């Protein structure tokens, strides 16, 4: 383990030097970009769009090589790789930051936000300032975020899930602590599992269902096994677009500006398309299974049932967590 940690550290240091030398010699700077979603997902398409934008605006002097579908690293591995410098850039689910930065769970607590307009306001305000500062303490610069879309929907093989009591006795796959706490509060048993394992687990009955967004339920083809999906529109997930801080600091100012602008455009672009992507996914699911979308009254009942998740978040984050709720209520 010590040898592995040392090797990753050396790779990170080497990468920073290579980028700096390439930039100073006027050669092409290559930044590897690790991503995990399937190539057909709208965020992956946006990853390639960002890479093209950066290459064009730097006249080919900065090239971003996108490695989608977990080719280099999976979920939490992407965050760790960017932190260490084992890879220069990446994008991944905000929940992978729960360990080093518990405050990031704010964006995953159900029913805090109603849409991405509210989410972006928080990200661009004091909440985002605090989180970006914490990321930099961990060796990562955030250039913006990807709007994944609604991310706490549930697809299952057993029965329609319209009310919290419908979850009783079910085993539901989750992939991070807040989702697990939410599933437990609803009355089911959470089972931690990576997205790549879910299809087989549903086939074998290892789990009865899984949480994710409607776009992933479609892209990962879970709908081929499940019979029911519940769309909650309760969590609007943010996927930070990251670059290793040492690599960032080694880039010329003009390259930094291009990357910063491209990151912001990535954020705005994915926000614009996320709603339609969710709607198309839900429409697709409705062709082959029973889909239930929570109405306003349902949301009130679910929000009350999931109130313990918010309390647990505040217990873990204390005054900082309480400040986040104050800040988003400020005009």
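Coordinate-derived values only; no laboratory data. Here the structure is a predicted model, which is why all the values come from computation and not from measurement. Heads up, the Cβs are rebuilt from the backbone with ideal geometry, glycines too, and the neighbour counts pull from every protein chain shown.
Remarks
- Where only C-alpha atoms are counted, convex hull volume of region 134-228 per residue in Å³: 113 Å³
- Pairwise FRET efficiency - residue 319 versus residue 298, Cβ, R0 = 41 Å, nearest 0.05: 0.80
- Most mobile of 155, 211, 200 in a GNM of the chain (Cα contacts under 10 Å): 200
- Binning the C-alpha pair distances of region 103-261 at 5 Å intervals from 0 yields a P(r) profile of 2, 9, 16, 18, 16, 13, 10, 8, 5, 2, 1, 0 %, listed from the shortest bin outward.
- Stokes-Einstein diffusion for region 231-331 at 25 °C, viscosity 0.890 mPa s, with a Kirkwood radius from C-alpha pairs, works out to 138 µm²/s.
- Per residue, the convex hull volume that the Cα atoms of the chain enclose (Å³): 131 Å³
- Working from label points 7 Å from Cα in the Cα-to-Cβ sense, the residue 204 to residue 189 distance is 1.6 nm.
- Residues residue 275 and residue 221, FRET efficiency given R0 of 22 Å [Cβ-Cβ distance, rounded to 0.05]: 0.45
- Here the sum of -39500 (n - 2.57) over DSSP H runs of 4 or more residues, divided by the residues of the chain, equals -16500 deg cm²/dmol at 222 nm, to the nearest 500.
- Within a Gaussian network of the chain (alpha carbon springs, distance under 10 Å), most fluctuating of 47, 166, 208: 166
- Gyration tensor over alpha-carbon atoms, region 36-136, equivalent ellipsoid semi-axes in Å: 25, 17, 15
- FRET efficiency for residue 137 and residue 59, using Cβ-Cβ distance with R0 set to 45 Å, rounded to 0.05: 0.85
- When the chain is treated as a Gaussian network with alpha carbon springs shorter than 10 Å, the biggest mean-square fluctuation among 124, 65, 134 belongs to 124.
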